[in-house]
Amino acid sequence: MADLSLHTASHLPFAGAFAAFGHLLHTWRQRARDRDELAALDARTLRDLGVAPSYVEFEINKPFWRG
């Protein structure tokens, strides 16, 4: 009986790793989409939002893995 429970428990640590990796990929995709949307905004919209063009330039040039 102990062998069976140890055998099934040995697969559980990987479930957390796969979930964390999936979350990381989702975060990276979301950042890339957000930066694409920010890059598509025109100057008038950015001004209305109170966002400086220098901030936009800085943000859209960051790699997707940087928050």
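What the table below lists for this structure:
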| quantity | calculated |
| --- | --- |
| Residue that is at pLDDT 95 or above and surrounded by 10 or more Cβ atoms within 10 Å (Cβ to Cβ), where the choices are Phe58, Phe21 | Phe58 |
| Options Leu38, Leu46: the member that is free of Cβ contacts under 8 Å to residues at least 12 places away in the same chain, part of a helix (DSSP H, G or I) and surrounded by 10 or more Cβ atoms within 10 Å (Cβ to Cβ) | Leu46 |
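The values are calculated or read from the model by the stated rules, or taken from the named source; none is laboratory data. Remember, predicted model here, so these are calculated numbers, not experimental data. Note: ideal-geometry Cβ built from the backbone for every residue, glycine included; neighbour counts use all protein chains shown.
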